[in-house]
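Beneath this line is the structure, given in structure tokens, with notes to follow.
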Amino acid sequence: MLASAPLLLHNFWYLVLPAAKLRRGEMRKARLLSEPLLLCRARDGSVFALRDICPHRGIPLSYGRFDGREVECCYHGWRFGADGRCTAIPSLTPDQPMDVGKIRCGAYPCREVQGNIWVYMPEKSARLPRADGDGLPPVPELPGLGDAPPQISISQVFPCDCDQAAFGLMDPTHAAFVHTSWWWKKNATTLRQKEKHFEPAPLGWRMKRHPLPPQNRAYRVFLGDGATTEITYALPGLRIELIEGARHSAAGLTAITPLSETETEVHQALYWTLPWTAPLRPLARRLAHIFLAQDRKVVIKQQEGLAHGPNLMLIDDADTQAKWYHRLKREWLDAAREGRPFENPIKAKTLQWRS
Ligand code: FES
Ligand SMILES: [Fe+2]
């Protein structure tokens, strides 16, 4: 049986938007862990995230204007800078001195890394950390890619809690039933027995490097012979796959971002080092969309059943990783509550399943 209510994890960096979707001088409404956000890209290219609520009368700042430097509230024109401080209150007369800089709408630490915009969401009760993010853990990064943006990035909102979305991410046995496009897997009649070795990794676990199945011809063509892959899962809901071939390498980042307790955005960013592949990008993006939409459709159907609060099951070894995810989450919350360091409960293990 599964643990009950999904718990939103604070004090993590979350991927909130592919960076290409926010141009200079633009602002965008967003949500993260039920908090309203306003993402802005200043004229100088830097990004920042404000709490999307005007501290004067509570109207979302996103209804206002952004001049590429400051946001102006649409109601009485109060202005706010990148650090969330108020910079001007138009109604003040010269003999009404007021330290407007003491008024803040709140700014969240915000970073652009490898073509994605990340926001750090602290505990609700805690004071907001410094907006420059000093003293926070590093933003998750894919090794060996420098700061190149992804070749493809797609995002879809799933109408489910973050735990169901995360399970889908680490579920090795649904593909033959859900991802049944002709170009992927035709049907479930060709299940093969799989055996994969796992080891603990920071805040999660890793499926150790292993050869890609020989039937994945596309990998061989593009990356060269003997392509291998390694997949790491980490809290709060990250999957990082690093594929290496004789000639080239590729990497995939999937980030589960809880918008609220009932809605989760799934972001996927795909990176590769092959030159001359720009013409293939639209096709690859289309296929990635179809693939993720298959996961989303099954989640929508699943909600019909979950609405009745059924008891659910996680079975070994197919769902062992989902169990690990639960254990990690619990340990992380316990450690935070008890004020002690997090201790990774995952032990090295070999898992088997048919898929
Ligand atoms: S509500 Fe924003 S300035 Fe008054
Ligand atoms: Fe899937």
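Residues in the range 61-71 that are assigned to a strand (DSSP E or B), surrounded by 15 or more Cβ atoms within 10 Å (Cβ to Cβ) and within 13 Å of ligand 1 (Cβ to nearest atom): V71 alone. Filtered by the rule that a residue be in a loop (DSSP other than H, G, I, E, B) and within 21 Å of A255 (Cβ to Cβ), the range 1-51 gives P6, L7, L8, L9, H10, N11, L22, L33, S34. If you filter the range 284-330 down to residues that are open to solvent by 80 Å² or more (accessible area, probe 1.4 Å) and over 28 Å from R206 (Cα atoms), you find that the one that is farthest from ligand 1 (Cβ to nearest atom) is N311. Among the residues of the range 280-315, those identified as more than 16 Å from ligand 2 (Cβ to nearest atom) and touching a residue at least 12 places away in the same chain (Cβ under 8 Å) are R281, A284, R285, Q303, L306, N311, L312, M313, L314.
Table: residues versus (1) in the same structural domain as G77 (by TED's automatic domain parsing); (2) free of Cβ contacts under 8 Å to residues at least 60 places away in the same chain.
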residue: A107; (1), (2): yes, yes
residue: N116; (1), (2): yes, no
residue: P129; (1), (2): no, yes
residue: L136; (1), (2): no, no
residue: V139; (1), (2): no, no
residue: G144; (1), (2): no, no
residue: D147; (1), (2): no, yes
residue: A166; (1), (2): no, no
residue: H174; (1), (2): no, no
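Only one of the numbered conditions (1) part of a loop (DSSP other than H, G, I, E, B); (2) within 12 Å of ligand 2 (Cβ to nearest atom); (3) modelled with pLDDT of 90 or more is not met by S181, and that is (3).
Scanning the range 240-275 for residues being surrounded by fewer than 21 Cβ atoms within 10 Å (Cβ to Cβ), modelled with pLDDT of 95 or more and small (G, A, S) gives a total of 2.
Quick check, is R28 within 23 Å of the chain's Cα centre (by Cα), basic (K, R), surrounded by fewer than 14 Cβ atoms within 10 Å (Cβ to Cβ) and modelled with pLDDT of 95 or more? Here the answer is no, as R28 does not meet what is asked. Residues that are touching a Leu at 6+ places or on another chain (Cβ under 7 Å) and more than 14 Å from ligand 1 (Cβ to nearest atom) were ranked within the range 41-60; the one that is farthest from V16 (Cα to Cα) is R41.
The values are calculated or read from the model by the stated rules, or taken from the named source; none is laboratory data. As the structure is a computational prediction, the values presented were derived from the model and not from experiment. Every residue, glycine among them, receives a Cβ derived from its backbone with ideal geometry; neighbour counts consider all protein chains shown. These accessible areas exclude ligands, DNA and RNA; they are computed on the full protein's heavy atoms, side chains included. Shrake-Rupley method; radii C 1.70, N 1.55, O 1.52, S 1.80 Å.
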